[in-house]
Amino acid sequence: GLSWVGDGAFLGGAVRRAENRYGIVAEEEAFIDMAQTRYDIRGGLDLDGPISTVKASGSVVDYEHTEFEGPGEPGTRFTNEGWEARIEAGHAPIGLLEGSFGLQASKRDFAAIGDEALIGPTTTKSNGLFVFETWDAGQWGLEGGLRFDDVAIDNIDFGKRDYQAWNASFGAHMHVGDHLFFGASVARTGRAPTDLELFANGPHPATAQYEVGDDALKVEKGINTEFSARWEDDAFNLSATVYRFDFDNFVYLEDTGAIFADPEGDLPIFQYVQAGANFTGFELQGDAQLGSAFGADWKADASADFVRAKLDAGGNLPLIPPLTVNAGIEGLFNGVTGRLEAQYAADQDDVAAFETPTDGYLTFDARVGFDVADGVRLMLEARNLTDEEVRVHSSPLKEIAPLTGRNFRVALRAEF
């Protein structure tokens, strides 16, 4: 990447190339060989007048991967080519009102060629208009946004589907004294279904499932409410958020209980469906400076999150993580940092139809960092010290692919 930055303008570009080869858990001999090239450009300009700033960005992506049945045995080939562009203009303040507006457009061509093609060639075009405004009165403020998206998805086998989706949000916040903050927001969301959700019909070896789409899916709509509070000072910080998301036509992948017989191995059949659903949850996060002891400065941090996801007609949504808690303590002594942290996940017994419960776990990690030169740091890390068996409930591969057991990592980082 390379950027030019001036007093009132900037312009930059970047190129990223990635090549990976990795195994497919569902098939012992199979592996994926993938390559991706991405080009990005971004620029901005400060102006005098009703329009105060203009920012624009664009990207082009060329992706492909081939699923090999074994060495020298190429199977299905996937390609994904597309571009995205965005331009945003900020207006000069109108009293306490500041904001921006703009448009965004994208196009994506996806194709799968081979015996196990999950979906036929599909083109997705999207155009969006948006506006976002804030009113900041110092101790309190308001903010709101509006966005409209027009999405067209054209599949070689099923034809074209057009969707229009509206998103709107409104929020308020208030500072109480120097340390306490409160915020609340409500949003009306809309999302067009994706090409896979509409037109999938085939085996998906990467997730060990046979996926079937529904070309009659409607726009997914929801009403989201959120409340947050935060305390901040030099010695102690604590934040809490509670939320409730209510959806009409929520799209998810449902286990049908049926099996697709395949010479390469039977696969459970999953169908994209939509139904009324709701999510209720909270997030907590805090950190504290503990002072000095044994010649080192110490601090601690912790976080917790929980969500309950249910269908309006009764039952649970699949792949919902359980209560998770993270906690750590860190010390600094003469350029050497040490950290010990723990991760806890509760049992997940609130499962969907044909979904199995998942046992919880408690793991411990340790990390030590050394400054070996100016701007150069050596990191030594040990993860899952007690070699626990960890299965992640939100993974479709939890039964056959647990997380890594006890493992070690060495990294060298240079900053200049």
Kindly provide the set of residues from the range 345-362 that are of a type in the set (Phe, Trp, Tyr) and assigned to a loop (DSSP other than H, G, I, E, B), ordered by number.
Phe354
Just to be sure I understand the filter: pairs with C-beta atoms under 9 Å, separated by 6 or more residues or on different chains, first member in the range 87-103 and assigned to a strand (DSSP E or B), second member among the basic types (Lys, Arg). Which pairs pass?
Ile87/Lys55; Glu88/Lys55; Ala89/Lys55; Gly90/Lys55; Ser100/Lys55; Gly102/Lys55; Gly102/Arg86; Leu103/Arg86
If Gly120 satisfies every condition in (1) under 30 Å from His173 (Cβ atoms); (2) at pLDDT below 95; (3) crowded, with 17+ Cβ neighbours inside 10 Å but one, which is the exception?
(1)
In the range 69-79, the residues that are open to solvent by less than 40 Å² (accessible area, probe 1.4 Å) and within 18 Å of Ala18 (Cβ to Cβ)
Phe78, Thr79
Looking at the range 1-60, which of its residues are within 30 Å of His204 (Cβ to Cβ) and among the β-branched types (Val, Ile, Thr)?
Ile24, Val25, Ile32, Thr37, Val60
Taking the range 156-197 and the residues there that are aromatic (Phe, Trp, Tyr) and open to solvent by less than 70 Å² (accessible area, probe 1.4 Å), the one that is farthest from Lys125 (Cα to Cα) would be Phe181
Residue, least open to solvent (accessible area, probe 1.4 Å), within the range 247-285, restricted to residues that are without any contact (Cβ under 8 Å) to a residue 12 or more places away in the chain and not in a loop (DSSP other than H, G, I, E, B):
Ala258
Which of (1) hydrophobic (A, V, I, L, M, F, W, C); (2) open to solvent by 70 Å² or more (accessible area, probe 1.4 Å); (3) over 24 Å from Gly95 (Cα atoms) does Ala200 not meet, given it meets every other one?
(2)
Test Ala152 against the criterion of being among the small types (Gly, Ala, Ser) and open to solvent by 30 Å² or more (accessible area, probe 1.4 Å), and give yes or no.
no
Pick from the range 386-416 the residues that are polar (S, T, N, Q) and in contact (Cβ under 8 Å) with a residue 40 or more places away in the chain: which of them is least open to solvent (accessible area, probe 1.4 Å)?
Ser395
With respect to Lys299, is the statement that it is farther than 30 Å from Leu332 by Cβ, open to solvent by 50 Å² or more (accessible area, probe 1.4 Å), part of a strand (DSSP E or B) and basic (Lys, Arg) true?
no
In the set Ala35, Ala30, the lone residue that is in contact with a Pro (Cβ under 7 Å, 6 or more places away or on another chain), open to solvent by less than 100 Å² (accessible area, probe 1.4 Å) and small (Gly, Ala, Ser) is Ala30
Condition met for Gly291 (in contact (Cβ under 8 Å) with a residue 60 or more places away in the chain, part of a strand (DSSP E or B) and either of a type in the set (Gly, Ala, Ser) or more than 22 Å from Pro193 (Cα to Cα) (or both)):
no
Given the conditions (1) out of contact with any strand residue (DSSP E or B) (no Cβ under 7 Å at 6 or more places or on another chain); (2) on the phi < 0 side of the Ramachandran plot; (3) open to solvent by 40 Å² or more (accessible area, probe 1.4 Å), every one holds for Gly6 apart from (3)
Strands (runs of 3 or more DSSP E) contained in the range 115-195 and holding at least 2 residues touching a strand residue (DSSP E or B) at 6+ places or on another chain (Cβ under 9 Å) and of a type in the set (Lys, Arg)
159-176, 180-191
Any residue in the range 73-88 that is within 30 Å of Gly265 (Cβ to Cβ), charged (D, E, K, R) and more than 25 Å from the chain's Cα centre (by Cα)?
yes
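The values are calculated or read from the model by the stated rules, or taken from the named source; none is laboratory data. Computed from a predicted model, the values in this text were never measured in an experiment. Quick reminder, even Gly has a Cβ in these numbers, built from the backbone with ideal geometry, and neighbours come from all protein chains shown. Calculation scope for accessible area: heavy atoms of the full protein, side chains included, ligands and nucleic acids excluded. Shrake-Rupley method; radii C 1.70, N 1.55, O 1.52, S 1.80 Å.
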